[in-house]
1. If you place +1 on the Cβ of every Lys and Arg, -1 on the Cβ of every Asp and Glu, and leave all else neutral, what size is the dipole of chain B about its Cα centre, to the nearest 20 Debye?
2. Test of understanding: ordering A:D203, A:D157 by Cβ neighbours within 10 Å, fewest first, what list do you get?
3. Mind checking Rg over Rh on chain B, alpha carbons, Kirkwood formula for Rh?
4. For the range A:110-217, what is the relative contact order in percent, using Cα pairs closer than 8 Å and at least 6 residues apart in sequence?
5. How long are the three semi-axes of the equivalent ellipsoid of the protein assembly as shown, in whole Å, if each is the root of 5 times an eigenvalue of the C-alpha gyration tensor, listed from largest down?
6. Please list A:166-173, B:3-10 highest first by mean number of surrounding beta-carbon atoms within 10 Å per residue.
7. Charges at C-beta only: +1 for Lys and Arg, -1 for Asp and Glu. How large is the resulting dipole of the range B:89-189 about its Cα centre, in Debye rounded to 20?
8. Taking the alpha-carbon centroid of each part, what is the distance from the range A:171-217 to the range B:102-126 in angstrom?
Amino acid sequence: MQMQNQLKKSKRMKKSQALLIGSLLVFGGSIVLSWNYLLRMREEVFSEMKLAMTDSLPVTQEQQTEGGPVSGGEPEYYENYTIDYSKYYGVLEIPRIGLKRGFYNVGSRYNNIESNVTMVEGSVSPSEGNGNLILMAHSGDSYISFFAYLYRLGVGDDCYITLSGVTYHYQIVDIYDVNKSGLMVLDWNPNNRNLTLVTCTKDSDTLQTVYVAEYIG
Amino acid sequence: MNLSLLGKLGVIFHYIFSSFLSLEMFLISLLLFIILIYNLKRNNRLVQIVAIGIYLGFVIGIFVSYTTYVQSSINSFVKEIMNYIYFPSTIIYFFIIVFVTIMMIYTLFSKKLSLFKKIVNFSVFSILYFFFMSFLTLSAYDGYDLVDMVSLYENDVILSLVQVSNLLLFVWLLFTGFYHLYLYFKKKYDQ
């Protein structure tokens, strides 16, 4: 009788085995259910990396030296060059200072002030209607000082933002300095599309300069 | 911004007593804490269930009230994990190897692990070491900056080494997880 019971036990699946199979099924099922979502995230990650890999930086050999330009010297103008608009979320162009630079969307890991012109969280793209698109970048003399020449801009200068093939024309309406306190109050027109450019004030360690531009067509 | 620790605690203390809502939230948290501590000895099941209900309800409330924020947080979190799996920074890859080394030492001296598990561990760790050493050798030989991930992963061999490495580690972690889960079930239900 004991032998028969033992035989029955060994033929019947043990509880631990059943639980293990159940756990595996639950795990497998979760993966299957979230497969499309995971695939979408994976594609986003891969496309961001591809963008970063095929990003043709708009600098010539003369402009980009190791460690940046010689200390004390001014960085070169960025020359007019052909840019692949499809690689970026948007492109900022300021003809007065020869600036043409792509930028990434807020959620992108390349939307980082240490490598690109950065779109500030909470910005409203001109394609979304009235609001404020806020872009930041370094000034100074390193190779990431994309806003190095913003100090040469004045009220009335033109800026362009291109998003999804549509170009928005802005004009600078105000320029002011603020303290670097971690908090910045921006002055902009809520009844129009605005573009705000922020960078460190030239020759100052404590100030930031804000360039406010309004959409004109 | 440059507050000392005492300064920060002072700011939080002022915040708690700055409005009725913040005071209310503080008192509710304190009350829950006292009830849980008091219930430790009494071990009242109802209190445990109600406490779980309150905490879960709080989390569900956040999910319902801030659905968009929660969704974007989850998306960012999943994307970061995917980035770590497919395009880990070299710092992360380095810490993965440190972790593997610790596990290797544990496996060497463990008396609890079965022979089968030890063989699996040694096999996986040996392959991971080989991949990592190849990664370092290739990077040094081709003059890649280990900090510049983008140019590093333009090399197909380096990218394959890193991604297969991470895939192997992920499969090993899954296997180890389910293995220990099985041992737990076995101990609890089969004896």
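Derivation of every value follows stated rules applied to the coordinates shown; laboratory data play no part. Here the structure is a predicted model, which means the values were calculated and not measured. Virtual Cβ from ideal backbone geometry, glycine too; neighbours counted across all protein chains shown.
1. On the way: 12 positive and 8 negative charges, 293 e Å.
Roughly 1400 debye, rounded to the nearest 20.
2. Fewest-to-most Cβ neighbours within 10 Å comes out as A:D203, A:D157.
3. My calculation puts Rg/Rh at 1.11.
4. Averaging sequence separation for qualifying contacts and normalising by length gives 27 percent for the range A:110-217.
5. Values: eigenvalues 529, 219, 89 Å².
Ellipsoid semi-axes (Å, largest first): 51, 33, 21.
6. Per-residue Cβ counts within 10 Å, averaged per peptide and sorted highest first, yield A:166-173, B:3-10.
7. Dipole about the Cα centre, nearest 20: 1240 debye.
8. With the range A:171-217 and the range B:102-126 each reduced to a Cα centre, they are spaced 59 Å.
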